Amino acid sequence: MILLHFLPILKGLDALPRVTCPNHPDAILVEDYRAGDMICPECGLVVGDRVIDVGSEWRTFSNDKATKDPSRVGDSQNPLLSDGDLSTMIGKGTGAASFDEFGNSKYQNRRTMSSSDRAMMNAFKEITTMADRINLPRNIVDRTNNLFKQVYEQKSLKGRANDAIASACLYIACRQEGVPRTFKEICAVSRISKKEIGRCFKLILKALETSVDLITTGDFMSRFCSNLCLPKQVQMAATHIARKAVELDLVPGRSPISVAAAAIYMASQASAEKRTQKEIGDIAGVADVTIRQSYRLIYPRAPDLFPTDFKFDTPVDKLPQL
């Protein structure tokens, strides 16, 4: 006869039942996974039977050990594809019945997915790969996939490579989610030139009749300073310098990225954590000469740009004049 005995464990106001042996309540029960029984190790009493195993149940339906897939379910449903990606994939045959008299496989996967779904699947994989390389979160990948699907279904960018469209969609998604990346950063993780990504970017905005917010110096400041290992004080000073430079109209027509790089250079030179133009240029993706040009524009007003509570390691009049 099988006995069940529950000993309540009080944790605060919650009482959780626990299966124990009535004769040895302190004994740690042994679970027989094959039979589904819980047995007391002291007296051998079967305390519980038909216990449900909540662990992973790996199972494979393929006979090919080289490509063994320890999964008992398929991929998750993809709502962006026409059939939800619930197609059937046939594994490689190993027996004689799987091949015809010429040695060709009888069962193939060619028609399990339409050509448009196959193109979108390849683009989604490329988008995921690019996002992983620059550590972008899942919500940006999902937005990029949606943008690509809209562009692909409209057929408004015929003649453009899918990889170029995917790269441009990733750039737009980053801008729309408030974590913009530069064209050079997107170009570095894709196989497409910066010029081609820029062309697709403009065409997609026109085709989808959408827009993106203008990028500012603050969008890049925290990331650039973090990659340069600069302290919080320098980051706040660089942010203040860039914002004041824009407000005073000292850098008309200059890219926010070059202005941010120049502000970081000025703030770092005034602090103990100095960084060279080349170090900042490598992180920001701009040339040294670009940083110098923006720096020369803001240098004459340097005393007015620093925050009042900034602790100078190098006085303003001793900053490099370039």
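The values are calculated or read from the model by the stated rules, or taken from the named source; none is laboratory data. As the structure is a computational prediction, the values presented were derived from the model and not from experiment. No Cβ is skipped: glycine too gets one built from the backbone with ideal geometry, and neighbour counts run over all protein chains shown. Each accessible area value is taken on the protein alone, full model and side chains, heavy atoms only, with ligands, DNA and RNA left out. Shrake-Rupley method; radii C 1.70, N 1.55, O 1.52, S 1.80 Å.
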*asked:* So the check is Cβ under 7 Å with 6+ separation or different chains; which pairs have a first residue in the stretch 299-322 that's on the phi > 0 side of the Ramachandran plot and a second one that's surrounded by 10 or more Cβ atoms within 10 Å (Cβ to Cβ)?
replied: LEU322/ARG292; LEU322/TYR295; LEU322/ARG296
*Out of curiosity, is SER167 closer than 30 Å to ALA260 by Cα and in a helix (DSSP H, G or I)?*
yes
*State yes or no: is ASN109 of a type outside the set (Val, Ile, Thr), surrounded by 12 or more Cβ atoms within 10 Å (Cβ to Cβ) and at pLDDT below 75?*
yes
*So ILE192, is it touching a helix residue (DSSP H, G or I) at 6+ places or on another chain (Cβ under 6 Å) and either surrounded by fewer than 17 Cβ atoms within 10 Å (Cβ to Cβ) or outside any loop (DSSP other than H, G, I, E, B) (or both)*: no
*If you check ASN162 against the conditions, is it open to solvent by 10 Å² or more (accessible area, probe 1.4 Å), touching a residue at least 40 places away in the same chain (Cβ under 8 Å) and in the same structural domain as LEU136 (by the TED database)?*
yes
*modelled with pLDDT of 90 or more, among the charged types (D, E, K, R), more than 29 Å from the chain's Cα centre (by Cα) and part of a helix (DSSP H, G or I), is that true of LYS244?*
yes
*Residues of the stretch 117-159 being among the polar types (S, T, N, Q) and open to solvent by 40 Å² or more (accessible area, probe 1.4 Å), which ones?*
ASN122, THR128, THR129, ASN135, ASN139, ASN146, GLN150, GLN154, SER156
*asked:* Being more than 26 Å from ILE186 (Cβ to Cβ) and assigned to a helix (DSSP H, G or I) is the filter here; which residues of the stretch 247-279 pass it?
replied: GLU247, MET266, ALA267, SER268, GLN269, ALA270
*Would you mention how many residues in the stretch 256-288 are under 14 Å from PHE224 (Cβ atoms) and in contact (Cβ under 8 Å) with a residue 24 or more places away in the chain?*
21
*Please work out which residue is least open to solvent (accessible area, probe 1.4 Å), limiting yourself to the stretch 239-254 and to residues that are touching a helix residue (DSSP H, G or I) at 6+ places or on another chain (Cβ under 9 Å) and of a type in the set (D, E, K, R).*
LYS244
*asked:* Between LEU86, LEU136, which is modelled with pLDDT of 70 or more and either more than 26 Å from ILE186 (Cβ to Cβ) or not polar (S, T, N, Q) (or both)?
replied: LEU136
*Within the stretch 175-189, track down each residue that is open to solvent by 60 Å² or more (accessible area, probe 1.4 Å) and assigned to a loop (DSSP other than H, G, I, E, B).*
GLU177
_Near pairs, Cβ below 8 angstrom, 6+ apart or cross-chain, from the stretch 229-255 (in contact (Cβ under 8 Å) with a residue 60 or more places away in the chain) to any residue that is among the β-branched types (Val, Ile, Thr) and open to solvent by less than 90 Å² (accessible area, probe 1.4 Å)_ = ILE241/ILE298; ALA245/VAL251; ALA245/VAL259; ALA245/ILE298
*Spot the failing condition for PHE224; the list is (1) within 24 Å of ILE264 (Cβ to Cβ); (2) more than 16 Å from the chain's Cα centre (by Cα); (3) surrounded by fewer than 14 Cβ atoms within 10 Å (Cβ to Cβ), and only one is missed.*
(3)
*Just checking, how many residues over the stretch 255-279 are buried (at least 18 other Cβ atoms within 10 Å of the Cβ) and under 31 Å from the mean Cα position of the chain (by Cα)?*
14
_Based on this model, can you work out whether ASP282 counts as part of a helix (DSSP H, G or I) and either more than 32 Å from the chain's Cα centre (by Cα) or of a type in the set (Asp, Glu) (or both)?_
yes
